[in-house]
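Okay, structure first, notes after.
Derivation of every value follows stated rules applied to the coordinates shown; laboratory data play no part. Small disclaimer: the values here were computed from a predicted structure and weren't measured. Positions of Cβ are generated from backbone atoms using ideal geometry, with glycine treated the same way; all protein chains shown enter the neighbour counts.
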Amino acid sequence: MNKTTTAKNIESSDNYWNIVVKPAGSVFNLKLRQAWHYRDLFWLLVRRDFVSFYKQTILGPLWFFLQPLFTILIYSYIFGSLAGIGTDGIPRPLFYLAGITCWHYFAECLNKTSGVFVDNAHVFGKVYFPRIIMPLSIVFSNLIKFGIYLFILFVMMAWYYYKGEIQGMNYYALLLPVLLLLMAMLGLGIGMIVSALTTKYRDLAFFVGFGVQLLMWASTVVYPLSAAPAKYKRLVGINPMTPLIETFRYGFLGAGSFSWASLGLSALIISVISIIGITFFNKAERTFIDTV
């Protein structure tokens, strides 16, 4: 066999390879092109996250409606009737519902993303797929819950608008897609950082729930920015969730505070957190199976 024949055989044999092993890519790569090829798995995970919320419960999907309504009643009594905290002229149920609509979406994205590696180690150790699918499916499944909260908000807005107690929406409500994107990025960013660190330091998993509660009190969920103590107002304003909640209220309820500068600063902080989160997540993805 001459050299020419051997070269042709080697060249033709290359066509039989369907897997190419390459060096590890950049830590900033989200691998979205790979994730697109696994889109069937992605939608399956979205459905699983949504259905598992009310599976084996008596009231089933009604909990999606009862949970925000119970929260409104409790907040109205504690922070409205007992504490006497103002709401910038907005009816209390609407004020609190607008706050928890934004906060619930962010908190759910953060809480569930923070346990991605530890909670799914048994799956990751058996089959390969782009790991980014897991946190992305969490973001999309929580959009369904956000839509339910938003629907309840619209129903209550219609009632109070009919009674003449609110002005109604303005064109700042068109910023909703931007606000959703920023809330998702913030929840994912912090969640991916915690998820990466919990592969080695399990103690962080116990701190997440407590930390989210502390962050809520530092956000304008149960009080307007105007009611924050003067010495803490700047600290509350720096919180990236505060401009998002305030913009949401301003656009949909016509009251509260809005500032392009504050919203821009929030977007900048969230972008930095997201980049750090992606870096941590991609680094942990390569070795976490050996440490979990």
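Key figures
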{"item": "Cα gyration tensor shape of the stretch 32-291, rounded if a/c is under 1.5, else prolate or oblate by comparing a/b with b/c", "result": "prolate"}
{"item": "Whether the stretch 101-239 is rounded, prolate or oblate, judged on the alpha carbon gyration tensor where a/c under 1.5 counts as rounded", "result": "oblate"}
{"item": "Cα shape, the stretch 160-292, gyration tensor, a/c 1.5 rule", "result": "prolate"}
{"item": "Positive-pole candidate from Gly254, Phe207, Phe65, dipole of the stretch 32-291, charges at beta carbon", "result": "Phe207"}
{"item": "Extension gain, Ser226 back to Leu44 (0.36 nm per residue minus Cα-Cα distance, nm)", "result": "61.2 nm"}
{"item": "Size of electric dipole in the stretch 166-292: Cβ of Lys, Arg +1 and of Asp, Glu -1, about Cα centre, debye, nearest 20", "result": "240 debye"}
{"item": "Neighbour-count ranking [beta-carbon atoms within 10 angstrom, fewest first] of Glu165, Glu246", "result": "Glu165, Glu246"}
{"item": "Part-to-part distance (alpha-carbon centres) for the stretch 217-265 and the stretch 180-204, which is given in Å", "result": "23 Å"}
{"item": "Calculated FRET value between Lys233 and Asn170, using beta carbons and R₀ = 22 Å, to 0.05", "result": "0.35"}
{"item": "Estimated vicinal HN-Hα couplings, Hz - the stretch 184-189 in sequence order (Karplus 6.51, -1.76, 1.60; Gly, Pro = x)", "result": "5, 4, 5, x, 5, x"}
{"item": "Footprinting exposure proxy for Arg47, Arg92 (fewest neighbouring C-beta atoms within 10 Å first)", "result": "Arg47, Arg92"}
{"item": "Additional length obtainable on full extension of the chain from Phe140 to Asn120, 0.36 nm per residue less Cα span", "result": "5.4 nm"}
